[in-house]
Structures are given as structure tokens and as C-alpha cells.
There are 2 protein chains.
Amino acid sequence: MAHVLILGGDGYLGWPTAMYFSKRGYRVTVVDNYFRRNACDELDTGMLYEVPSLVQRAEIWHQATGLEIKVVIADLAQPASMRQLFDGSVGYDWALDPAFGGIPKTIIHYAEQPSAPYSQIDFERADFTIANNLRVTNNLVWAVRDFARDCHIIKLGTMGEYGTPNIDIEEGWLDIEHNGRKGRFLFPRQASSLYHTTKIMDTDLLWYAVRLWDLRVTDLMQGPVYGIETDESLVDARLNTIFNYDEIFGTIVNRFVTQAVAGYPLTVYGAGGQTRGYLNIRDTLQCVHKSEQTPAGAGELRIFNQIMETFSVNQLAEMTQRVGADRGHDVRIEPLENPRKEAEEHYYNPTYQGLIDIGVEPHYLTDEVMAGMFKIVESHRDNIRKEVIFRGVKW
Amino acid sequence: MAHVLILGGDGYLGWPTAMYFSKRGYRVTVVDNYFRRNACDELDTGMLYEVPSLVQRAEIWHQATGLEIKVVIADLAQPASMRQLFDGSVGYDWALDPAFGGIPKTIIHYAEQPSAPYSQIDFERADFTIANNLRVTNNLVWAVRDFARDCHIIKLGTMGEYGTPNIDIEEGWLDIEHNGRKGRFLFPRQASSLYHTTKIMDTDLLWYAVRLWDLRVTDLMQGPVYGIETDESLVDARLNTIFNYDEIFGTIVNRFVTQAVAGYPLTVYGAGGQTRGYLNIRDTLQCVHKSEQTPAGAGELRIFNQIMETFSVNQLAEMTQRVGADRGHDVRIEPLENPRKEAEEHYYNPTYQGLIDIGVEPHYLTDEVMAGMFKIVESHRDNIRKEVIFRGVKW
């Protein structure tokens, strides 16, 4: 089977993606520098449960399934760390077979600082976010250019690149007519955090590399993801993904469910009309897999809007309150002065049909699905540290 | 008079800008890390004449005029190097008065790796270009946010951000109507080199910082600059700006004149129909000065297209041939297989009215102006090294 290289394989999406492909017979290599874990320690963000190291997870996965996920611990912002993955000089931190796994057919690029609040804390975190995210993406496109030009790069972007424009959001591109002449351009982008701005820059860079070297790239404009378990993690609870419930690394649905279980009022910023597209972590895996099965053409930057449905913050808070009440939680909603600079009421009409067209079957956020999340979070209730939930990072 | 801080004050535009403002009574501080000189040494690019160090130039300028230009040698990609310029902890490498020059009223940001071919040489130069250009800009906006929010940032962008679209190029912005709704967005950008792509990313970053922190920013989309002398350099030839005639750091008119003098055929890439906007180095100084005199408002990203006229490569080659012939040079034109990936014939209709509207009076590239450049280059004819002119960096 084909070799899949997953950059950022220790993260919230990285590890479940690795298991998903491994289970389906792919040869899988994961690379990570433990940024997420280190930042969680540094900022004392708390986690719902302990997560074994990437090497330990590969070992547990092997014991549970007999399958191999090769592990490399490396900082991909360093060009040499990226290039070793292609020129065969890499040494594995865990592998059944220490021989080079070969040039990948597909690269899934999650290896970025993924938090908007983290990027806004101070100038040092901003500098890290810019340098890390852009250098990793640039090192990747040069390595593919130099060693593996036919490789398919699947890159995680974000719906946040578009911001909340006053016009309908298309999937990545827009036909523009101006003074009687026509052109097709990247859909205009303007984000609401430094982190999201680095994702715009990534898109600029990928579009350049695709035009210059005829690379194959799929750029997934993903919305906030929620969820914990995936089919692959069910064999051993130690394989569950990293789950943050704090303001820095916790995504909103995960945070709200945890806050509800902990008896911590739901933190709605400002008017709560902020509307975004959401998806279940199971659908992230589906989207990436379907993209892998139908790769972008040579010289194609294919862009999909990776969301399954939209909610406002108020809608999510009300759903959390309703589902929580059914399970005996007294869930309060507490509007806070918005620490972010963003529109609290706005037009929002994104298109998201492309991934459905290549075969993704959405899981929607129903009361039942949210109740399933409640159940898991409740089982870890004693681990929840209320004091790390809200920090008030100002934009 | 107001304090002006010039980042990248040792470069082709930086030093003439420093003298221009100093001569007009401004207090001027220049900062540079000697990237350009070091890269010229490393790549053996040759220079038309030796240029004293930045410290020596400040000393010569002081002797010639009695004026002070404070000098700091520092790498602004390091956050601490940027912040010392605002918090008063900086030590000057040259100054009459070693006391802190104070928070600047205006910052002119040229401190970037400025060469498209340099950014395309290999993955290490690409990595340097990305990391340097983005980190400097990011460090700047955070320092201004933290220490000097009312400062006016004048940032050098490039017309290359727009590429060569099939629609008329506006000054930075475009009103878009889509499905019956309207919005105003950054004009779509898609560049033809990695360097130019970093300038797009800079614009993304500045637009974010302006929206978030109400910064004042003027972003100048400049075309290729030509010229050597400025009024301020006339007092001492050692004050002439750095002049490269090689493919990496030499701009096209400067290169063509030098090639003509050296009897080296003019290197026209491909069909030669590549059309760009150009300006005289004297007009760069005017544009920056007029922008300083009419600063952007708080929360405004003001964008000007900084060109005075357009030429195709063939037109420039023919002008060089004609002017050279008048001065007794036998100038041959030699079309080469294009080492770059770019459109060789294309629509090109940019607007460039904003700088005229605030008072810039263009110097055009006439035969007489080019003859003046020939005269200076001829006086350094013995320094020209033919072997460094063309290197053939492939895109």
C-alpha cells in the first residue's frame, strides 16, 4: 500500500489520522516536535487525561493491531529535518523496520502552531507562530520540489482565512469581472488572528509553488473540529487523541462540554452571533482520506471548504445547556466582554460541497452526538481544572 | 524635527533615503545587519565600486554636512533587536550623541531580502527569505503596538505582488460584487517569485495589524528602480549608493547599462514582452517623503502603486542600445531561453495616481537620463567583471 507521511502526527488531528490510514493498510510515518505538549506544559493549560508519548502510542497501536506507524521526533522548521524524510537519511525514533520507509505518495501537513489565542499572547508567541508555520510549509514545498515532485500534499488550512466577508464564500476561488475584463483569483482572504493570517500566507505560498513547479496540492479550509473518540481509538483508551479544554488549545464545542461538566459557566464572547462552520473529528479523517483517494492534478491547487454545518456561538451554548440539562448538569451561560476583535453579528454564507462530491458522508452535531462527548468528559470529571479554562488572552 | 527610523538603511534605497531625510532636517536613525553586503560577498556578485561601511558613510556624511545619522548594526529578525529601538535600550554603532534618539514619528521599512533570484537559488535561500522578511515585519508591528502605536509605518511592497493579471490593476484595493452583494477587499495578488510572495504575505500581515490595533501604515507597491546618484550623494562620491550589475541584486536598467558599457550582450529573457512599471531612485525618495508628510490615518492601510511609467524588456533593451550607440558602444541584444517562469506577453494596465496626487513630480526615463547613467558607469568601466553578470538562476 501507499506510504503516507503525516507532519504534526502528535496533535489533535495528527494521531487519529495516523491510526485511520494505518488501519486501512497504508504505510504510515508520523513526524512531530512535541510543540503542542510543550506549549501545554509551558502555559499550564491542563488536559482532560494524560496522553502517552508518540513513541508509546506507536507501541500501543502495534500491540493492539500488529500494525506499524513509524515515528520521527524532529523540528520541521529546520530545512534539514524536512529533507531527511525524503533523501532517506532519517533515523526513526520508533519503527518495527528501521529501513527508510521511502518517498511518500501523500503528505498530510498539520505541522503548525494551531491556536489563534496562542499567536496573540505576546510578540514572542507571534514570532514563533510566523516563523514556524511559514518555514515548515516552505521547507515542505522545496523538499517535494527537489525529491518527490509527484507527491500529493494535503494541507490543513482554515475557514478563518476568509474571515466574515459581506459576500458569499466560495471554495477557495472567485471569478472577478472588472472594467469589462475577467480573471479567476484566490477568493479574497482577511483573517481575525495572527494564526489565521499565517494560514493565508501558507495559501499564498502553496499557490506560488503549484504554479512554479506543477506540484499537486489539496488545501483544506477547515472549521473548528469537535470530538474525542474515533473508530480506531476504541481498541485502547490510551489511543484517544490529545483533548484540551482551555481557551488556548481547546476548540469551542470541546470547551463548552467540559465547562458544562465542571459547572463552569459557558464563556460566550460578546453578543454570541459569531457564526462558523463546524465538523466532527471523524469527518476530518474522512475528508483527508477522500482527498488522498482522489489526488489533485499536477499544477492544481485544489481547495475544499471542510465544514459540515454552521452554528453561531449562541446556538452552541444553547445546545450544550440543553444536552447538559438532560444529563443532570446545571449549565449557565455567561456572556463576557469579547477579548477578541471580531464581528459579533455578521453575514455568513459559505459553500461546502466539494468534499461531499468526492464521497464524504457527514456526521452532524446532534444532541445525541454531544451527549456521547458528555459521557466521556464526565468519566474524566476529576481531572478538570477550572482555573485553567479561561485566561482572557486579549486580541 | 521629527525622528525617522530607517530599517535596512545600508541598502540600495536605504542609504539615499537616510541622506534625503537628514538633509531636510529630520533626525535620522538607520539600522541594518549588512545582509546585502554579506550576500554579495558570499555569491561573488561584484559591485561597480566599493562602498564604505554604514558607520563610515555616517562619518563621511557628518564631515560633509555637519549632520548626524545614527547607526545601529542589528538583525531585526530577532525580536529583541527590534524592541531596543523603541524601549531606549539601544546602543548606537555610530552617533554624535549616544543618548537614545527617542520613539520615531515615522518608520521606513526596507529591511528585507530584496532579490527575486536570490530567493529562488535553493531551499536555504528560500528559507532565509521567508524567515527574515516575515519575522522583521512581524517584529515591527508588535514593537509599534507595544511602544509607539501612533507611529506611521511606511513599508516597501512591490508591484510584483499583483503579478500580471488579466484585469486592470488598482491601487491596492478592489470593490467586488458577487451574487448581488458587495465588499471591498485587497486587490487579488499572485506573484512570480518566492521573494515577491513574501511581500504579499507582508501585506496580509500589515492588513491584519492595521485592523487589529489601528496602526497607521502606508504600503508602497514599487516597481524596479534605476539610477545611481541622488542630490545628496553629489557632495562626496563615497556617498553613492550600493550599485550591483549582476543578475541577483542588479535591477534591469542598471544591469543593461553596465552590460552595454562592458560589451556584454543585453540578456533579454524569452520573448521580452514582460512589461513592468519603473521609477528613478530620486522618485523613490520623493514618494517616501511625500508619504511621510501626509501620513496614513489610524487604522488605515494606505496603498500606493509606486511607478512612474511602464516599459517592456524589449523597449528597455532598445533604449539601451540606442543610447549606448550614441556614446560609441556596440550594444548587442541576445535573447536567452527564459530561466524564469513568467508570462512573456501579457495584459498590463496598472493605475498609479495616488503618489502624484500627494505631490510627487516624476522623473521619467529619457535617453538623456540614461546617458547620465552611462557616464557614471563608464567611469568605473575597469571594475566591471563580465563573469558575474549572468548566472542563470532557474525558477
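The values are calculated or read from the model by the stated rules, or taken from the named source; none is laboratory data. Not measured: the values here are computed from a predicted model. FYI the Cβ positions are ideal-geometry reconstructions off the backbone, even for glycines, and counts take in every protein chain you see. When the accessible area is computed, the model is the full protein with side chains, heavy atoms only, and any ligands, DNA or RNA have been set aside. Shrake-Rupley method; radii C 1.70, N 1.55, O 1.52, S 1.80 Å.
What the table shows:
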read-out: Protection proxy ranking, peptides A:167-176, B:8-17, B:358-367, average beta carbon neighbours within 10 Å, highest first; value: B:8-17, A:167-176, B:358-367
read-out: Charge-dipole axis of region B:297-395 as Lys and Arg at +1 and Asp and Glu at -1 on Cβ define it, positive-most pick from B:His363, B:Phe311, B:Gly324; value: B:Gly324
read-out: Cα shape, chain A, gyration tensor, a/c 1.5 rule; value: oblate
read-out: At R0 = 51 Å, FRET efficiency that the Cβ-Cβ distance of B:Glu50 and B:Lys182 yields, to 0.05; value: 0.35
read-out: Average other protein chain Cβ within 10 Å of Cβ, residues A:131-142; value: 4
read-out: Kyte-Doolittle mean at least -1.0 and Cα axial length at least 24 Å: DSSP H helices in chain A; value: A:123-147, A:194-213
read-out: Average other protein chain Cβ within 10 Å of Cβ, residues A:171-184; value: 4
read-out: Anchor B:Lys290: lysines whose Cα lies under 25 Å away (excluding residues fewer than 8 positions away in-chain); value: B:Lys23, B:Lys70, B:Lys105, B:Lys155, B:Lys199
read-out: Span from the region B:197-244 Cα centroid across to the region A:160-187 one, whole angstrom; value: 29 Å
read-out: Mean-position separation - Cα centroids, region A:277-305 and region B:72-88, in angstrom; value: 42 Å
read-out: Listed peptides B:381-391, B:212-222 by packing density, highest first (mean Cβ within 10 Å); value: B:212-222, B:381-391
read-out: B:Glu337 versus B:Asp87: modelled label distance in nm, points set 7 Å from Cα along the beta carbon direction; value: 5.5 nm
read-out: By average C-beta atoms within 10 angstrom, highest first, the peptides B:50-61, A:151-162; value: A:151-162, B:50-61
read-out: Shape of region A:1-152, Cα gyration tensor, a/c cut at 1.5; value: oblate
read-out: Carbon + sulfur, % of accessible area of region A:201-302 - ligands and nucleic acids excluded, 1.4 Å; value: 48 percent
read-out: Candidate residues A:Met1, A:Met319: accessible-area rank, largest first, probe 1.4 Å; value: A:Met1, A:Met319
read-out: In region B:10-47, the trypsin sites (Lys or Arg not before Pro) that fall in loop regions by DSSP, at most 16 other Cβ within 10 Å; value: B:Arg24
read-out: B/A buried area, accessible surface, summed, 1.4 Å probe, Å²; value: 4800 Å²
read-out: Nearest-20 debye value, the protein assembly as shown charge dipole, Cβ charges on Lys, Arg, Asp, Glu; value: 40 debye
read-out: Simple Cβ-charge dipole of region A:92-237, Lys/Arg +1 and Asp/Glu -1, about Cα centre, in debye nearest 20; value: 720 debye
read-out: Summed residue charge, Cβ within 11 Å of B:Arg149's Cβ, Lys/Arg positive, Asp/Glu negative; value: -1
read-out: Probe 1.4 Å - accessible area at B:Asp146, Å² to nearest ten; value: 60 Å²
read-out: Nonlocal amide H pairs with B:Ala191, under 5 Å, H built at 1.01 Å; value: none
read-out: Point-to-point label distance, A:Gln78-A:Arg211, nm (Cα→Cβ direction, 7 Å offset); value: 3.4 nm
read-out: Value at 222 nm in deg cm²/dmol, rounded to 500, when DSSP H runs of n ≥ 4 in the protein assembly as shown each add -39,500 (n - 2.57); value: -11500 deg cm²/dmol
read-out: Net dipole in debye of chain B [+1 Lys, Arg Cβ; -1 Asp, Glu Cβ; about Cα centre; nearest 20]; value: 580 debye
read-out: For region A:245-395: accessible area per residue (Å², 1.4 Å); value: 41 Å²
read-out: Debye log10 I(q)/I(0) for region A:261-324, one point scatterer per Cα, at q = 0.21 Å⁻¹; value: -0.92
read-out: Cβ-defined net charge surrounding A:Ser89, 14 Å radius [Lys, Arg +1; Asp, Glu -1]; value: -1
read-out: Two-site label geometry, B:Arg327 and A:Glu170: point separation in nm, points 7 Å out along Cα→Cβ; value: 5.0 nm
